[in-house]
């Protein structure tokens, strides 16, 4: 989605009196000038990133509240991809295809590629990446099943599994494995892996430990078919 209003974080959030915050999803035409608002597209979903997560996040006891519908400020003249002949599935798959193609220029199917330095603006792959972790990515063919394993580690280490409609279908933490197949996906036979690894300390030794953890991330897949861009992908020509 082409929008400059697509994120709320610690630099721009407006807090409630009790320290919590309330998010609003929708275009300005529907929400007016309400604070903590991000733009949406048809059949949207959202992702909440928690930096330096506490115990309740790591042990999965924290549950993100569900979004609730509210009465829009105004309904007229709100543009959607549908207005231009683009359905929501094609929109999401096209975005995923962009990231997949970028990865495949650096590594093949079922193979991780790693960023070895801390994130900078000129190297980040998505808007506002974590500043305290190293990133890795992979495209995995799950048509015959695949297992993702993250070895035990003394700092933060996670692999997020994202399908071709941008749905997060799983997260693999240090010391865990996750097996998936095409039946777990909302579309297609491929997933995009977004891995983050935190150095164990702020010195060279901590960075080297993170490199070893990145190299130990394991993909075991039953197939490695070449990726082909789906027919529904929107051409940028």
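Annotations for the structure displayed:
- Unmet requirement for residue 22, which otherwise passes all of (1) at pLDDT 80 or above; (2) within 21 Å of residue 130 (Cα to Cα); (3) surrounded by 12 or more Cβ atoms within 10 Å (Cβ to Cβ): (2)
- Checked against (1) at positive phi; (2) modelled with pLDDT of 85 or more, residue 43 passes all but condition (2).
- Members of the stretch 180-210 found to be surrounded by fewer than 15 Cβ atoms within 10 Å (Cβ to Cβ) and either closer than 23 Å to residue 104 by Cβ or within 17 Å of the chain's Cα centre (by Cα) (or both), listed by number: 181, 186
- Matching entry among 223, 168, 177 (being at pLDDT 95 or above, within 25 Å of residue 102 (Cα to Cα) and exposed (fewer than 15 other Cβ atoms within 10 Å of the Cβ)): 223
- Residues considered: 186, 235, 201, 179. Of these, the only one that is free of Cβ contacts under 8 Å to residues at least 40 places away in the same chain and assigned to a strand (DSSP E or B) is 179.
- Among residues that are outside any strand (DSSP E or B) and free of Cβ contacts under 8 Å to residues at least 12 places away in the same chain, residue 129 is included.
The values are calculated or read from the model by the stated rules, or taken from the named source; none is laboratory data. In this text, all values refer to a predicted model and were calculated from it rather than measured experimentally. Cβ sites come from the backbone with ideal geometry, for glycine too, and all protein chains shown count toward neighbours.
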